[in-house]
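Colleague: The structure's right below; bear with me while I get my questions together.
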Amino acid sequence: MANLNDLAWWQKTIAYEVYPKSFKDTHGQGTGTIAGITEKLDYLAKLGVGALWITPCYKSPMVDNGYDVADYYAIDPSFGTMAEMDELIARGRERGIRVVMDLVFNHTSNQCPWFVESSSSRTNPKADWYIWRDAKPDGSAPTNWRSIFGGSAWAWCEERGQYYLHTFASEQPDLNWENPDVRQALFDVANFWANKGAGGFRIDAITYIKKPAEFVDGPVDGADGMSAVHAATANTPGILAFLREFKAAVRDGRDIFMVGEANGVAAEELGDWVGEQGVFDMLFEFNHMLIPMHKSEVWCRKVEWTLTDLKRVLAASQRATALNGWYPMFWENHDQPRSTVNFLQCEGALAKKAKALGTVLLTMRGTPFMYQGEELGYGNASWDSIDEFDDLSTRNQYEFALREGLDEVGALAACVRYSRDNARTPMQWDASEYAGFSTAKPWLPVHDDYATCNVAVQEADPDSPLSWYRTLATLRSEHPVLVAGDWTELMADDEQVLAFERTWGNERAVTFANLSDKPAAYDPALVEGLTPIVATTLGTLAPLESVVFV
């Protein structure tokens, strides 16, 4: 049993991810600003938020919406100024909200001065700061690796007469972590932001920083004749040594936390990654997020899955972090479609779906991470053409689907279902034009339902998803069992209900969430002596009904 007083602040709070380009525009430019985030701090405080993760707002050409960093020490003018960032950090602290910076350390922009110098010759001081390789004898790329965004993971540089590796877009060259000068430069960046008052860091795409000793072709897995770069480079042996060095240089001795984005780490490996023996405080390991794709990130290949598939990986992650480590529970982020679509294959109102998923999110063991708009119950957006998408990855997935043999209708359907742009549409604050996000036409369209699904409407409706999220946040703050309690799965084989028990000393709590559109049942003996926080019929659950007993 965990001692509540021994838990760190980040284990007892709620985290919230903001995609600043889509959160709130104070400049009338159609894209969000840092000042817009500051303006909405009180809204976040009412949700119980204590950690505010902001996706990259550094200076960037915005090929990948800020994940192509040109200058880690500067704020991109489209978001505002460094003074406004300082203001956000300070005003957040006044409300008990600590700003968490997103560190993009696998790669930079090709416009970063580091890369400009590295690409200028093979003999300059930064010549070895990136991953350079000669062409094959026939002049083709060094390997057949396919980038995560599609196409070859190698790009030709005329100045050096070599190829450079890019796990993502060609404008995002991978850094060479084998070079100690590169590692020190990145540690300096993190310490700069920690000294500014950042409460923690989310580290992007961290599983790709260690490259294999030999670069060889992988097995062809698509009609393009290529092999996924993820299979060739993710979690290469030796990566943890780099990350222990990072932890010692940045994390140790500070009251902050570090959460890594680590796609591909299995549950049984979590002990090496989190906790006292690990390198991070928490890890986004994505095993449950990929269940709808059966761990394939090729959108056009449909898969079948069941609720027990999802429950099995959630339980594995809980067990793996039960004694050593901490779990970051999340359903959504800026790289995923909306959870009401991604995890609920049944019919039913979006509001009911959002409340059911929110119940699990905010009563599961670990730190809950909300994503902007999740608390309002968004579904995926409406898209009529591939030309409407902004996301580079989506457009590349569309082209890949066509090469795989799908027609334009099928390729578009896959993008409509899985595109990252579904999570990036503007936050809907009220029913005014452009949903109160901006006075100018937004960079992505607002949802069709913005007039009825927005913060102003839901604040006035006690039965709304937003009101339910606030209720759960309050419940979490009032019941230590929901923060420090142990976790035990219930009804593991049930294909309708996701259920679990939390125990802490003499305190118990039980959560039931019917994630189907049919009535479901549970054994009333499971909640003997407990009281539901809202009225419910004991032993039964209506379609998409969720309830917490304490």
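Colleague: Got a sec? Which strands (runs of 3 or more DSSP E) wholly within the stretch 482-550 have at least 3 residues that are of a type in the set (A, V, I, L, M, F, W, C) and surrounded by 19 or more Cβ atoms within 10 Å (Cβ to Cβ)? So that I can check it myself, show each step before the final result.
Modeller: Working: elements: 486-490, 497-504, 507-514, 546-549.
By residue number, 497-504, 507-514, 546-549.
Colleague: A follow-up question, please. Out of Phe192, Phe242, report the one residue that is aromatic (Phe, Trp, Tyr), out of contact with any Lys or Arg (no Cβ under 9 Å at 6 or more places or on another chain) and closer than 28 Å to Ala51 by Cβ.
Modeller: Phe192
Colleague: Out of the residues in the stretch 270-318 meeting the condition of being of a type in the set (D, E, K, R) and modelled with pLDDT of 95 or more, tell me which one is nearest to Phe149 (Cα to Cα). Full working, then the answer.
Modeller: Going through the stretch 270-318, the residues of a type in the set (D, E, K, R) turn out to be 272, 276, 281, 285, 295, 297, 301-302, 304, 309, 311-312.
Filter again for modelled with pLDDT of 95 or more, leaving 281, 309, 311-312.
Details: Asp281: 29, Asp309: 27, Lys311: 29, Arg312: 29 Å.
This residue is Asp309.
Colleague: Still on this structure: Would a scan of the stretch 226-234 turn up a residue that is more than 17 Å from Val265 (Cα to Cα) and surrounded by 13 or more Cβ atoms within 10 Å (Cβ to Cβ)?
Modeller: Yes, the stretch 226-234 contains at least one residue that is more than 17 Å from Val265 (Cα to Cα) and surrounded by 13 or more Cβ atoms within 10 Å (Cβ to Cβ).
Colleague: Condition test on Glu332, is it among the charged types (D, E, K, R) and either in contact with a Cys (Cβ under 8 Å, 6 or more places away or on another chain) or farther than 23 Å from Trp305 by Cα (or both)? Write out each step before concluding.
Modeller: Details: among the charged types (D, E, K, R): yes; either in contact with a Cys (Cβ under 8 Å, 6 or more places away or on another chain) or farther than 23 Å from Trp305 by Cα (or both): no.
When the stated conditions are applied, Glu332 does not pass them.
Colleague: State yes or no: is Ala232 at pLDDT 95 or above, over 23 Å from the mean Cα position of the chain (by Cα) and not in a loop (DSSP other than H, G, I, E, B)?
Modeller: Against the criterion (at pLDDT 95 or above, over 23 Å from the mean Cα position of the chain (by Cα) and not in a loop (DSSP other than H, G, I, E, B)), Ala232 does not qualify.
Colleague: When both residues are 6+ apart or on different chains and their Cβ atoms are under 7 Å apart, which pairs have a first residue that lies in the stretch 128-144 and is polar (S, T, N, Q), and a second that is surrounded by 21 or more Cβ atoms within 10 Å (Cβ to Cβ) and modelled with pLDDT of 95 or more?
Modeller: So the pair list comes out as Asn144/Met226.
Colleague: So which residues in the stretch 133-183 are in a loop (DSSP other than H, G, I, E, B) and polar (S, T, N, Q), if there are any at all? Step through it out loud before you land on a result.
Modeller: If we filter the stretch 133-183 for residues that are in a loop (DSSP other than H, G, I, E, B), which is where we start, we get 134-144, 147-151, 153, 158-161, 166-173, 176-179.
Selection gives Ser140, Thr143, Asn144, Ser147, Thr167, Ser170, Gln172, Asn176, Asn179.
Colleague: Scanning for something assigned to a helix (DSSP H, G or I) and free of Cβ contacts under 8 Å to residues at least 40 places away in the same chain, does the stretch 195-209 turn up at least one residue?
Modeller: yes
Colleague: At least 1 residues that are closer than 30 Å to Pro480 by Cα in each: list the helices (runs of 4 or more DSSP H) lying fully within the stretch 311-408 that qualify. Lay out the reasoning, then the answer.
Modeller: Working: elements: 339-342, 350-363, 392-403.
Of the helices (runs of 4 or more DSSP H) lying wholly inside the stretch 311-408, those with at least 1 residues that are closer than 30 Å to Pro480 by Cα span 339-342, 350-363.
Colleague: A further question on this structure: For residues in the stretch 1-50 being of a type in the set (S, T, N, Q) and touching a residue at least 24 places away in the same chain (Cβ under 8 Å), which is surrounded by the fewest Cβ atoms within 10 Å (Cβ to Cβ)? Talk me through it step by step, then tell me what you get.
Modeller: From the stretch 1-50, those of a type in the set (S, T, N, Q) are 3, 5, 11, 13, 22, 26, 29, 31, 33, 38; that's our starting set.
Filter once more, so that each one left must be touching a residue at least 24 places away in the same chain (Cβ under 8 Å): 3, 11, 13, 22, 29, 31, 33, 38.
Values: Asn3: 9, Gln11: 18, Thr13: 22, Ser22: 27, Gln29: 15, Thr31: 22, Thr33: 24, Thr38: 19.
Restricting to residues being of a type in the set (S, T, N, Q) and touching a residue at least 24 places away in the same chain (Cβ under 8 Å), the top hit is Asn3.
Colleague: Glu17 is checked against (1) farther than 30 Å from Tyr163 by Cα; (2) among the charged types (D, E, K, R); (3) within 17 Å of the chain's Cα centre (by Cα); (4) part of a loop (DSSP other than H, G, I, E, B) and fails just one. What number does that condition carry?
Modeller: Evaluating Glu17 over (1) farther than 30 Å from Tyr163 by Cα; (2) among the charged types (D, E, K, R); (3) within 17 Å of the chain's Cα centre (by Cα); (4) part of a loop (DSSP other than H, G, I, E, B) leaves (4) as the failure.
Colleague: Residues being among the hydrophobic types (A, V, I, L, M, F, W, C), surrounded by fewer than 17 Cβ atoms within 10 Å (Cβ to Cβ) and not in a helix (DSSP H, G or I): count how many of those fall in the stretch 450-474.
Modeller: Within the stretch 450-474, residues that are among the hydrophobic types (A, V, I, L, M, F, W, C), surrounded by fewer than 17 Cβ atoms within 10 Å (Cβ to Cβ) and not in a helix (DSSP H, G or I) number 2.
Colleague: Give the residues of the stretch 41-52 that are in contact with a strand residue (DSSP E or B) (Cβ under 9 Å, 6 or more places away or on another chain) and farther than 18 Å from Gly358 by Cβ, sorted by residue number.
Modeller: Leu41, Leu52
Colleague: If I ask for residues that are within 23 Å of the chain's Cα centre (by Cα) and in the same structural domain as Arg254 (by TED's automatic domain parsing), which ones from the stretch 168-190 would you list? Before you say what the answer is, go through the steps one by one.
Modeller: At the first step, the residues of the stretch 168-190 found to be within 23 Å of the chain's Cα centre (by Cα) are 168-175, 186-187, 189-190.
Within the stretch 168-190, Leu186, Phe187, Val189, Ala190 meet the criteria.
Colleague: For the stretch 246-257, check the following and say yes or no: at least one residue is in a helix (DSSP H, G or I) and either in contact with a helix residue (DSSP H, G or I) (Cβ under 6 Å, 6 or more places away or on another chain) or β-branched (Val, Ile, Thr) (or both).
Modeller: The answer is yes; a qualifying residue exists.
Colleague: Here's another thing I want to ask about it. Look at Asp221 and say whether it is out of contact with any Lys or Arg (no Cβ under 7 Å at 6 or more places or on another chain) and either within 17 Å of Trp145 (Cα to Cα) or surrounded by 21 or more Cβ atoms within 10 Å (Cβ to Cβ) (or both).
Modeller: yes
Colleague: Let me ask something else about it. Would you confirm whether any residue within the stretch 426-444 is closer than 30 Å to Thr308 by Cβ and part of a helix (DSSP H, G or I)?
Modeller: No: the stretch 426-444 contains no residue that is closer than 30 Å to Thr308 by Cβ and part of a helix (DSSP H, G or I).
Colleague: Which residue pairs have Cβ atoms closer than 6 Å, lie 6 or more positions apart in sequence or on different chains, and pair a first residue in the stretch 150-175 that is touching a residue at least 12 places away in the same chain (Cβ under 8 Å) with a second residue that is among the basic types (Lys, Arg) and outside any strand (DSSP E or B)?
Modeller: Arg160/Arg122
The values are calculated or read from the model by the stated rules, or taken from the named source; none is laboratory data. Only a predicted model underlies this, so the values are computations on that prediction, with no experimental measurement involved. Note that each Cβ is placed from the backbone with ideal geometry, even for glycine, and that neighbours are counted across all protein chains shown.
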